[in-house]
1. Residue by residue through the range A:230-285, note down the ones that are in contact with a Gly (Cβ under 9 Å, 6 or more places away or on another chain) and of a type in the set (Phe, Trp, Tyr).
2. Considering the range A:40-52 alone, what residues qualify as being of a type outside the set (Lys, Arg) and in contact with a Ser or Thr (Cβ under 8 Å, 6 or more places away or on another chain)?
3. I'd like the full set of residues that are crowded, with 22+ Cβ neighbours inside 10 Å and over 18 Å from A:Gly238 (Cβ atoms), limited to the range B:227-240.
4. Go through (1) touching a Ser or Thr at 6+ places or on another chain (Cβ under 9 Å); (2) more than 13 Å from chain B (Cβ to nearest Cβ) for A:Gly238 and report which single condition fails.
5. Give just the number: which of (1) among the hydrophobic types (A, V, I, L, M, F, W, C); (2) touching a Ser or Thr at 6+ places or on another chain (Cβ under 8 Å); (3) assigned to a helix (DSSP H, G or I); (4) more than 9 Å from every other protein chain (Cβ to nearest Cβ) does B:Leu282 not satisfy?
6. Looking at the range A:290-299, which of the residues that are within 11 Å of another protein chain (Cβ to nearest Cβ) and not basic (Lys, Arg) is surrounded by the fewest Cβ atoms within 10 Å (Cβ to Cβ)?
7. Can you report the number of residues in the range B:120-158 which are assigned to a loop (DSSP other than H, G, I, E, B) and on the phi > 0 side of the Ramachandran plot?
8. With respect to the numbered conditions (1) away from chain A (no Cβ under 14 Å); (2) over 30 Å from B:Asn114 (Cα atoms), which one is the sole condition not fulfilled by B:Val14?
2 protein chains.
Amino acid sequence: MYQNLPQKISLTEVGPRDGFQFETEIIPTNLKVGIISGLADAGLRRIQVTSFVNPGVVPQMADAEELIERLPRRKGVTYTGLVLNTKGVERAHAAGLEHVEISISSSDTHSRKNAGMSLEQAVEQGDAMIRLAQKHDIHITAGIQCAFGCVYQGETPVHRVLDMARNFMHLGVHRLSIADTTGMANPLSVSRLTDALLPETDDIPVGLHLHDTRGLGLANVMAAMSCGITDFDTALAGMGGCPFVTGAAGNIATEDTAYLMKSLGIDTGIDIPRLSECSKRLARFFGKQFPGKLYRLSS
Amino acid sequence: MYQNLPQKISLTEVGPRDGFQFETEIIPTNLKVGIISGLADAGLRRIQVTSFVNPGVVPQMADAEELIERLPRRKGVTYTGLVLNTKGVERAHAAGLEHVEISISSSDTHSRKNAGMSLEQAVEQGDAMIRLAQKHDIHITAGIQCAFGCVYQGETPVHRVLDMARNFMHLGVHRLSIADTTGMANPLSVSRLTDALLPETDDIPVGLHLHDTRGLGLANVMAAMSCGITDFDTALAGMGGCPFVTGAAGNIATEDTAYLMKSLGIDTGIDIPRLSECSKRLARFFGKQFPGKLYRLSS
């Protein structure tokens, strides 16, 4: 089963956005800067640092502009931000970001409940965001949420994800992110979707954004790698969750994923003990442990 | 990577021993009976219910005889107990158990620290336990601890595990259990060891006892299944831990493992929601959550 494994894997750290947004206690901007700098020191080369959303809805992200202003620019490190509408693209541009992520649900019901709009409206809005970002010369990752399933509509048909991916590629996005938003992927569905998708994507990188909601996160990583995926979103300490599944675990943990790669002889460029220090700092701040396993062990 | 997957997998529930022993709060025998009966109701066919150890050292297991006395006998359900010495075998026999598990560390240092004896002494004691169990017509599972590595001595050489397995088979044990006691296995080392071991074991079942200490539990299960392993030890809610690794997660969770199998179309005979009820009952009793992911979700 291991003849197809890659030599190198890229991990995109999404904890400062997808992890922090689930915490109700506001993290001081100072601490965010310290954590994100620590992530860069640990070897993460692509970090999703914030989202440009309504601070009334997500108070944790109210400091988006200030955070980006205060983050030290580092050679080789890309900071990205999540945007939900054209206003978000404008804010990201004004803040000086050169890469944004947009994210559209492949489930109509999930889109209506999560984003307050139909799938069709969300796709239209996505198109507008992409065009605006292109006008500002901003690179775009286009995410497809609930790509493997949705708690409301069940399994997502592969053709729907392919259609959305084709549309994004046609519009000229720079990277695709296939998201298992509610943790419903399994090794078979991961293989099925990536086997169908990768032959169409040519040189556009395809990342997998996996959640460990049902504990299958790293089993799914193994399946994805065997099919040629070399790009994963992860969150330090396995932070995050799912607003539609109470008590759910979050993203796959950066430390655990990096350790899996190390055990397989695959290069990630990540210094795991250094990364774990960031997670332990957050665990101390919140006074609680997160679902990630490895960060708790390293001394 | 999935052409070799089995149609059916057996899970041995070890939570009532390997999970409960890590909890300092004593679980009333009544509740243990309720949980173990619930596990049988959920489809578990082999349950390690206790260990026959010094109650001064492990107070949680002080009710071993009373528990077995009160457990309802059920057709098709095997209760097993862990024994550490010949006295334990005698106690298990007197209590009416028909299957015991012995467990010897493959690491000399770990054996000295955990069992207070050298590897050589432990093997001798194992032989004595096996002969005594045979005299009493008790079936024996022989476990090999730290089969993939040990926090003191690092990686365990495959030949040492093979030598111990050969000795156990020569003595006539009925099942082998290969234990990743400190969670140091990875998909490559799992493949390496099982590929070396399985051709020698003929019709003796080989179970894998995996811990999720570093988060690789289910990735290791995938690797093991691809190599022909169809028998895993699991603990409800992922209870358990490792006395040598502070803050470590425990056994792979029965619910999460059963869900992985279900997602792959592999039969385990387990009713996951029913099983989750047992875990939730324990979570309520202890007032805390365990590392398992799936049991928290099902309503």
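1. A:Phe232, A:Tyr259
2. Result: A:Gly43, A:Leu44, A:Ile47, A:Gln48, A:Val49.
3. B:Ile229, B:Phe232, B:Asp233, B:Thr234, B:Ala235, B:Leu236, B:Met239, B:Gly240 - these are the residues of the range B:227-240 that are crowded, with 22+ Cβ neighbours inside 10 Å and over 18 Å from A:Gly238 (Cβ atoms).
4. Here A:Gly238 meets the rest and fails (2).
5. Against the list (1) among the hydrophobic types (A, V, I, L, M, F, W, C); (2) touching a Ser or Thr at 6+ places or on another chain (Cβ under 8 Å); (3) assigned to a helix (DSSP H, G or I); (4) more than 9 Å from every other protein chain (Cβ to nearest Cβ), B:Leu282 comes up short only on (2).
6. Taking the candidates together, the pick is A:Ser299.
7. Qualifying residue count, the range B:120-158: 2.
8. With respect to (1) away from chain A (no Cβ under 14 Å); (2) over 30 Å from B:Asn114 (Cα atoms), B:Val14 is out only on (2).
Where a number appears in this text, it was derived from the coordinates with a stated rule and is not lab data. Everything numeric in this text was worked out from a predicted model, so none of it was measured. Glycine gets a Cβ as well: all are built from the backbone with ideal geometry, and neighbour counts include every protein chain shown.
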